[in-house]
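To start, the structure under review is shown below, and the notes come after it.
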Amino acid sequence: MLRFLITGLLLLGIYSEDTFKKEYHREFHENGKIKAQGWKNGDSREDFWKFYFPNGKIMEQGHFRNNQRVGYWYFYTKDGILDMEGHYSKNKMVKWWLFYDDKGHVNHKCQLQKGIKNGYCLKYKNEKLTSAEKYNNGKKIKEWHNFSSFKKENKLSDLK
């Protein structure tokens, strides 16, 4: 029992110095405005981060794990309007992504795999669905302009 306790304390001493040393980090633009802020473990970005344009408006925000983007991210224009949002896994865009027009309305939604369209894209105009497209590894293979023709050839569960 004593041997396990001593081994545990030694391992804790070895790993606690670097492994658990997380600090809040800030970077600034040349104009003095905040450029980025978030958690770092050594040189690695971890947990929640925000990035800013030189004008002070938010540029993007999301989570890192081992210096790679993970989880849900938001991206904005220089005017502060939402530009796109979606999931990351190991620094790659995955699952559903939403893309916005210059007024902040959804322009299209796409299923991505490793940053490439792979699945469905739903296109909108004036906040109304206008068409659906299907992609395979970045290549468009089919397009529908009405819901009934889409339903004949596809399962709605594929849109999850």
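The values are calculated or read from the model by the stated rules, or taken from the named source; none is laboratory data. None of the values given here were measured: they were computed from a predicted structure. Neighbour counts run over all protein chains shown; Cβ positions are idealised from the backbone, glycine included.
Observations on the model:
- Check on TRP97, crowded, with 17+ Cβ neighbours inside 10 Å and either closer than 22 Å to LYS50 by Cα or within 20 Å of the chain's Cα centre (by Cα) (or both): yes
- Residues in the stretch 139-160 that are in a loop (DSSP other than H, G, I, E, B), surrounded by fewer than 12 Cβ atoms within 10 Å (Cβ to Cβ) and touching a strand residue (DSSP E or B) at 6+ places or on another chain (Cβ under 8 Å): HIS145 only.
- Among residues that are touching an Asp or Glu at 6+ places or on another chain (Cβ under 7 Å) and modelled with pLDDT of 95 or more, TYR88 is not included.
- Residue in the stretch 28-45 that is surrounded by 11 or more Cβ atoms within 10 Å (Cβ to Cβ), of a type in the set (Asp, Glu) and modelled with pLDDT of 95 or more present: no
- Residue count for the stretch 54-68, restricted to those that are over 14 Å from ASP83 (Cα atoms) and outside any strand (DSSP E or B): 5
- Annotation: of all residues in the stretch 101-139 being among the hydroxyl-bearing types (Ser, Thr, Tyr) and more than 21 Å from the chain's Cα centre (by Cα), the one that is farthest from PHE150 (Cα to Cα) is TYR124.
- Scanning the stretch 106-122 for any residue that is under 30 Å from GLY56 (Cβ atoms), without any contact (Cβ under 8 Å) to a residue 40 or more places away in the chain and outside any strand (DSSP E or B) turns up at least one such residue.
- The stretch 143-160 - residue that is closer than 18 Å to TRP96 by Cα and basic (Lys, Arg) and, of those, nearest to the chain's Cα centre (by Cα): LYS160
- Criterion: over 13 Å from the mean Cα position of the chain (by Cα), farther than 28 Å from GLY138 by Cβ and part of a strand (DSSP E or B) - qualifying residue of TRP39, TRP49: TRP39
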